[in-house]
Amino acid sequence: MLLDVSNLRISEVATLMGVSDDTVRRYIDLGKLAAIQLENGRKGVEGRELAEFLQRENEAAPPGAAVATSARNRMRGIVTRVVKDTVMAQVEMQAGPFRLVSLMSRESVDELGLDVGSIAVASVKSTHVVVEITES
């Protein structure tokens, strides 16, 4: 079943972006994100407009970003858990609404100084990515 995502409520936009409704409204007020009037009279955003906005935002490099990388899926988040043994470590991050888990060497975790509360960027490169749609 395909969903009609051409027009989104502010709350839906906020959920997709991993921000608050107020943040979406600020983007609209600043002219960064174009709003439309929905059938119920409230403000909303066209799906295509949101996609273009997110692309523009993702193209702007965050401070301290790598000069170049082949990974296109980069998510900034906060480390929520670190489990280390003598050789390996498991690092969990929350990036917006997404929980990411990475297995890496303990040496890497120590060199990066990763600990609960650290801000980090997860770069994901995969040859197999599953895309799903859900019913709302």
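Read the figures in this text as sums done on the coordinates, not as results from a lab. In this text, all values refer to a predicted model and were calculated from it rather than measured experimentally. No Cβ is skipped: glycine too gets one built from the backbone with ideal geometry, and neighbour counts run over all protein chains shown.
A few comments on the model shown:
- FRET efficiency for residue 86 and residue 123, using Cβ-Cβ distance with R0 set to 22 Å, rounded to 0.05: 0.25
- A viscosity of 0.692 mPa s and a temperature of 37 °C, combined with the Kirkwood radius over Cα pairs in Stokes-Einstein, give a translational diffusion coefficient for the chain of 189 µm²/s.
- Legend: ranking of residues 127, 23 from fewest to most surrounding C-beta atoms inside 10 Å; resulting order 127, 23.
- Once C-alpha pairs closer than 8 Å and six or more residues apart are averaged by separation and normalised to the residue number of the chain, the relative contact order reads 21 percent.
- Charges were assigned to the Cβ only: +1 to each Lys and Arg, -1 to each Asp and Glu. The resulting dipole of the stretch 73-124 about its Cα centre is roughly 260 debye.
- For the chain, a simple Cβ point-charge model (Lys and Arg +1, Asp and Glu -1, everything else neutral) yields a dipole of about 180 debye relative to the Cα centre.
- Residues whose amide H lies under 5 Å from that of residue 33, counting only those 5 or more places away or on a different chain, are 28; hydrogens are built 1.01 Å from N in the peptide plane.
- Scaling against 2.2 N^0.38 Å puts the C-alpha radius of gyration of the stretch 7-59 at 1.01.
- Full extension of the chain between residue 42 and residue 131 gives 29.0 nm of extra length, using 0.36 nm per residue less the Cα-Cα distance.
- Here the calculated FRET efficiency for residue 108 and residue 51, from their Cβ-Cβ distance with R0 = 30 Å, stands at 0.30, rounded to the nearest 0.05.
- Debye-sum result for the stretch 73-124 in log10 I(q)/I(0), which assumes one identical scatterer on each alpha carbon, at q = 0.21, 0.24 Å⁻¹: -0.66, -0.85
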